[in-house]
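Visitor: Mind looking over this structure? Questions follow.
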Amino acid sequence: MRNFTTETQPTPVVRPWLDDLLPELIEFRRDLHAHPELSFKEFRTTDKLVERLEAAGLNPRRLEGSGVTVDVGEGPIATALRGDIDALPIIEETGLPFASKNHGVTHACGHDVHTTSMLGIALVLHAIHQESPLGGTVRIIFQPAEETMPGGALSCIEQGVLQGVPRILALHCDPRINVGQIGTRIGAITSASDTIKIELTGRGGHTSRPHLTEDLVFALAQIAINVPAVLSRRVDVRSGVSVVWGQITAGSAPNAIPANGYMAGTMRCLDRDAWHSAGELLDDVVQQVAAPYGVDVHLEHTRGVPPVVNSEHETALIEAAARAELGEHAVVLTPQSMGGEDFAWFLADLPGAMMRLGTHTPGGEEYDLHRGDFIVDERALGFAIQVLAAAALRTIRDL
């Protein structure tokens, strides 16, 4: 197997094929941005992708409902590349001339960039293949519904998109990294992410006589404080288990103990094994913390996604491609993120890696993902195509 870490190339391989295509791809991305679609409803996006891929002479396969896969080249599959295509239920506040026309929906996580990058890779690799056969196949997956839990990746896998695939690569926009650079990391790059919902019921009553009630508000407070504390002592601290509450609601008057209460939050973890063990402990811990207060507890624990764990070999592959295409400065170490990402399901049985794509304009305003004002430096689109197309070509040479 080729040692991707030490391999270098003096000049970019992909950029010469990309320059004439970039203006069209920028317009394609802007069109997607203006017409964002929510998870499993990406019908227009799917149609646009199929139309452009077929126009290039490729044979895309529609997935059930929404989403597309396409194979580029011929021969055994050398790698798969995945881009997610859905948007978020957020009102856009960018003021861009191509801002969302679907009120309340926007590409605030950069999936329009991911989608267009994968389209560009397909077109570039197909053009290279027409001039000189690649000698291998690259499978590109335009995946729906990353923004839902447990994610559209599972639906894609059930439809056989990984059949014959030896590895898989992906990207995600990162507004903390300057455009022209990518972020990589071996090991966990994202966190497991679950949703926790808890309903408490008990006898309400007057706050002057809490002993005649089940003091539900006090019980909620104890769960909020003690469940994260207990889990931190029952699960390996190196796994980074984190329980954080986003909602607590109960009561309607300052002198009345309510009969019902609700709380919800997330549980995140950087280690797959610890994710399983923490999930198995959660119900017992919640019940034990609530038990002294006599309340009835209903826990709804929704498994989300495991962590994305980048393999060493595939991470080195991406880094080598980035340095060859963009220069030695192009690769930076990215920190672990506590966010969830359903690309992890693709890595359950395959080696692979996700890179962070720099979208920040040096010296420019700083944005963040999942915000209505999120803006990317569009130069990132070309850099994404260069790096992952070059990485795909390297996997073909290694067949």
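The values are calculated or read from the model by the stated rules, or taken from the named source; none is laboratory data. Note that this is a predicted model, so its numbers are computed, not measured. As a convention, Cβ positions derive from the backbone with ideal geometry for all residues, glycine included, and neighbour counts pool all protein chains shown. Note: areas computed on protein heavy atoms with side chains; ligands, DNA, RNA excluded. Shrake-Rupley method; radii C 1.70, N 1.55, O 1.52, S 1.80 Å.
Visitor: What is the packing order of peptides 206-212, 95-101, 114-120, taking the mean over residues of other C-beta atoms within 10 Å and listing the highest first?
Guide: 114-120, 95-101, 206-212
Visitor: Separate question: ALA56 to GLN159: extension gain in nm, 0.36 nm per residue of separation minus the Cα-Cα distance?
Guide: 34.6 nm
Visitor: Moving on. Each residue of the stretch 373-387 in turn: what ³J(HN,Hα) in whole Hz from Karplus with 6.51, -1.76, 1.60 and θ = phi - 60°, glycine and Pro shown as x?
Guide: 9, 5, 10, 10, 6, 5, 4, 4, 4, x, 5, 4, 5, 4, 5
Visitor: Plugging the Kirkwood radius over Cα pairs into Stokes-Einstein for the stretch 7-105, at a temperature of 10 °C and a viscosity of 1.306 mPa s, what D comes out in µm²/s? Numbers along the way, then the final one.
Guide: Working: Rh = 15.8 Å.
Estimated via Stokes-Einstein, D reaches 100 µm²/s.
Visitor: Please calculate how many Å² of accessible area the chain carries per residue, with a 1.4 Å probe and no DNA, RNA or ligand atoms counted. Don't skip to the answer; put the middle values down first.
Guide: Details: 16650 Å² over 399 residues.
Dividing the accessible area of the chain by its residue count gives 42 Å².
Visitor: So if we plug the beta-carbon distance of ASP296 and ARG272 into 1/(1 + (r/R0)^6) with R0 = 41 Å, what FRET efficiency do we get, rounded to 0.05?
Guide: 0.80
Visitor: Taking R0 as 41 Å, what's the FRET efficiency between ASP236 and PHE43 from their Cβ-Cβ distance, rounded to 0.05?
Guide: Once rounded, the FRET efficiency stands at 0.40.
Visitor: Please identify, among ALA221, ALA253, ALA348, the residue showing maximal mean-square fluctuation in a Gaussian network model of the chain using a 10 angstrom Cα cutoff.
Guide: ALA253
Visitor: Further question on the same structure: Helix-derived [θ] at 222 nm for the chain: sum -39500 (n - 2.57) over DSSP H runs of at least 4, divide by residue count, nearest 500?
Guide: On the way: 10 runs with 133 residues, N = 399.
Rounded to the nearest 500, it is -10500 deg cm²/dmol.
Visitor: Angle, helix 111-131 long axis vs. longest principal axis of the chain, Cα atoms, 0 to 90°, nearest 10?
Guide: Long axis of 111-131 versus the principal axis of the chain: about 20 degrees.
Visitor: Give the distance, in whole Å, between the Cα centre of the stretch 192-263 and the Cα centre of the stretch 93-144.
Guide: Answer, in whole Å: 44.
Visitor: While we're here: Given a 1.4 Å probe and heavy atoms of the protein chains only, how would you sort GLU54, GLU42, largest accessible area at the top?
Guide: Listed by decreasing accessible area, they come as GLU54, GLU42.
Visitor: Further question on the same structure: Let a ≥ b ≥ c be the square roots of the eigenvalues of the Cα gyration tensor of the stretch 115-196; is it rounded (a/c under 1.5), or, if not, prolate (a/b larger than b/c) or oblate?
Guide: It comes out oblate by the Cα gyration axes.
Visitor: How large is the direction-averaged shadow of the alpha-carbon convex hull of the stretch 178-275, in nm²?
Guide: Mean projected area for the stretch 178-275: 9.3 nm², to one decimal.
Visitor: Hey, with R₀ at 22 Å, roughly what FRET efficiency would ASP373 and ASP31 work out to, going by the Cβ-Cβ distance, to 0.05?
Guide: Calculated value: 0.60.
Visitor: Of the accessible area of the chain, with the probe set at 1.4 angstrom, what percent is carbon plus sulfur?
Guide: 51 percent
Visitor: With Cβ to Cβ distances under 15 Å as the rule, what net charge do the other residues near ALA219 carry (K, R +1; D, E -1)?
Guide: That sum, taken over residues with Cβ under 15 Å, equals -3.
Visitor: If one takes the longest principal axis of the Cα atoms in the chain, at what angle in degrees, from 0 to 90 and to the nearest 10, does the Cα axis of helix 216-234 lie?
Guide: 50 degrees
Visitor: If you don't mind, there's one more thing I want to ask. What distance in nm separates the two pseudo spin-label positions at LEU22 and LYS101, each 7 Å out from Cα along the beta-carbon direction?
Guide: The answer from the label model is 2.7 nm.
Visitor: Near ARG30, within a Cβ-to-Cβ distance under 10 Å, what is the net charge of the other residues, with Lys and Arg +1 and Asp and Glu -1?
Guide: With Lys, Arg at +1 and Asp, Glu at -1, the neighbours total -3.
Visitor: Need one number: nm distance between label points at THR201 and ASP284, each 7 Å from Cα along Cα→Cβ, rounded to one decimal.
Guide: Label-label distance for THR201 and ASP284, simple model: 2.7 nm.
Visitor: Using a Gaussian network model of the chain whose springs link C-alpha atoms within less than 10 Å, name the residue from LEU281, LEU88, LEU38 with the highest mean-square fluctuation.
Guide: So, out of LEU281, LEU88, LEU38, the one fluctuating most is LEU281.
Visitor: Match the structure shown to one of the listed values [x] 36, 26, 18; [y] 44, 22, 19; [z] 34, 24, 23 of semi-axes √(5λ) of the Cα gyration tensor in Å, computed from it, and give that label.
Guide: Comparing each candidate, only [y] matches the computed number.
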